[in-house]
Amino acid sequence: MKKHNFSAGPAILPASVLKEAGRAAANYQGMGLSLLELSHRGPEFTAIIEEANALMREIIGLPEEYHVLWLTGGASTQFYMVPFNVLNEDETAAYIETGVWANKAIKEARYFGNVEILASSKEENYTYIPKKFRVPKNTRYLHITSNNTIYGTQLHKFPKSPVPLVCDMSSDFLSRPFDPAPFGIIYAGAQKNLGPAGATVVIVRDDMLGTVRRHLPSMLDYRTFVKENSLYNTPPVFPIYVSMLTLRWIKKSGGLKGMQRRNRAKGSILYQEIDRNPLFRGTVAKEDRSLMNVCFVMEDAYAGLEKDFLKETEVNGMVGLKGHRSVGGFRASTYNALPKASVQALVDLMQDFARRKG
Ligand SMILES: *Cc1c(COP(=O)(O)O)cnc(C)c1O
């Protein structure tokens, strides 16, 4: 039986993508060779990365001055690669502290320049998105985390900023339409909403490049990847291929508007059930609820039933619902590829459980 995959990452991919990736791993386009054993400089992979870049530009609506780069090292590498590439030692970058990932980004930026934390929701265990802050004009950039995977909060509006936004979009990349204009840099590890672990997408605007005084080793310099079209060294060939297949799937499924429709439909039935069901409650401010990671806990009176419920989700073919250890309870990750039927199965189980145990 195919499982309902609610994992936070590496996460669910569209069934059609997995099927085609399987074929490509066995025998790529009837060549008698696996895609895994083809040169990254051959015509097959050249066509793949060109199509991936073209689809990315088309789906987001990226203007000319943005570059789409494929890197390795995960979003965690971008925590230091961003300030290393754009922040001089005597400059200040502004950060919004909305959780563990934002915190790690802050820690790394401090190695390269000054960091000003404009707002934080730490004192409330990151259960909301701070919105009241002013971004000083003399900062180099404002770093935000668009979706906080661990807590289940999401920015439903990006802050107004006189300086370029730098955004960790790892866990809601390509989940909704957005205007790229305020963004200087967007980065995302592929494994949440795009493809397998191993590839990291960086979208960088021209004016962010070439302004730091320090020497940048080739592999840590965005300009190397711009100049060599992400092919300075061997890129993560297979993750890029699978990401390209997911991009095709997104386009065919109505683009970012289509993704948003899917994700809103899933979020609405699950949050409605959390609010309605007397055994469960949400853990974050309603206006900041994420459409990618839905976090909830058992009401205090039923806290003893948490293990039972988790067990029942497993028996019913649902995986990945245990909440992050720093939050507890449950987390249903409802990324682009998760079908509404999986969310419905979870909602049905919550209702059935409440009838039996409530
Ligand atoms: C998962 C995640 C990361 C870490 O990504 P890696 O690719 O494992 O380095 C960073 N930021 C956010 C928002 C995430 O969800």
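The values are calculated or read from the model by the stated rules, or taken from the named source; none is laboratory data. Everything quoted here is computed from the prediction, not taken from an experiment. FYI the Cβ positions are ideal-geometry reconstructions off the backbone, even for glycines, and counts take in every protein chain you see. These area figures cover heavy atoms from the full protein model, side chains too; ligands, DNA and RNA do not enter into them. Shrake-Rupley method; radii C 1.70, N 1.55, O 1.52, S 1.80 Å.
Picking from S230, Q191, N138, whose Cα lies most toward the positive end of the charge dipole for region 134-254 (charges on Cβ: Lys, Arg +1; Asp, Glu -1)?
N138
At a 1.4 Å probe radius, carbon and sulfur cover how many percent of the accessible area of the chain?
On the way: 7950 of 15550 Å².
That fraction is 51 percent.
Restricting attention to region 14-45, which trypsin sites (Lys or Arg not before Pro) occupy a DSSP loop and are surrounded by at most 11 other Cβ atoms within 10 Å?
R41
Could you please tell me the mean projected area of the C-alpha convex hull for region 29-137, averaged over all directions and given in square nanometres to one decimal?
10.8 nm²
Rounded to a whole number, what is D in µm²/s for the chain from Stokes-Einstein with the Kirkwood radius over alpha-carbon pairs (37 °C, 0.692 mPa s)? Don't jump to the answer; show the numbers that get you there.
Working: Rh = 21.3 Å.
Diffusion coefficient, whole number: 154 µm²/s.
How many percent of the alpha carbon pairs in region 97-150 exceed a separation of 17 Å? Each step should come with its number before you reach the end.
Working: 506 of 1431 pairs.
For region 97-150, the share of Cα pairs beyond 17 Å comes to 35 percent.
From the residues T127, A75, F173, which one has its Cα farthest along the dipole of region 15-252 in the positive direction, the dipole being from +1 and -1 charges on Cβ of Lys/Arg and Asp/Glu about the Cα centre?
T127
Treating the beta-carbon of each Lys and Arg as +1 and of each Asp and Glu as -1, no other charges, what is the dipole magnitude of the chain about its Cα centre, to the nearest 20 debye?
Here the size comes out at about 780 debye.
For the pairs K131/K340; K157/K266; K131/K311; K132/K192; K160/K227, note any where the Cα-Cα span goes beyond 27 Å.
Working: K131/K340 31 Å; K157/K266 20 Å; K131/K311 38 Å; K132/K192 29 Å; K160/K227 31 Å.
Beyond 27 Å between Cα atoms: K131/K340; K131/K311; K132/K192; K160/K227.
Please compute the per residue accessible area over region 15-252 with all protein chains in place, 1.4 Å probe, rounded to a whole number of Å².
42 Å²
About its Cα centre, what dipole magnitude does region 89-217 give when the only charges are +1 on Lys and Arg Cβ and -1 on Asp and Glu Cβ, stated in debye to the nearest 20?
In total the dipole reaches around 180 debye.
Nothing charged except the Cβ atoms of Lys and Arg (+1) and of Asp and Glu (-1): what's the magnitude of the dipole of region 254-357 about its Cα centre? Round to the nearest 20 debye. Mind dumping the intermediate values first?
Working: 18 positive and 12 negative charges, 80 e Å.
With only Lys, Arg, Asp and Glu charged at Cβ, the dipole is about 380 debye.
The chain: longest stretch without exposed GluC sites (Glu not before Pro) (DSSP loop, at most 12 other Cβ within 10 Å), sites themselves excluded?
Longest run free of exposed loop sites: 90-358.
Residue farthest toward the positive end of the dipole of the chain, with Cβ of Lys/Arg at +1 and Asp/Glu at -1: which of V297, L62, S161?
V297
Per DSSP H run of n ≥ 4, the term is -39500 (n - 2.57); total these for the chain, divide by its residue number, and report the mean residue ellipticity at 222 nm rounded to 500 deg cm²/dmol.
One gets -11000 deg cm²/dmol as the mean residue ellipticity at 222 nm.
In nm, to one decimal, how far is the S34 label point from the A301 one, both placed 7 Å along Cα→Cβ?
5.6 nm
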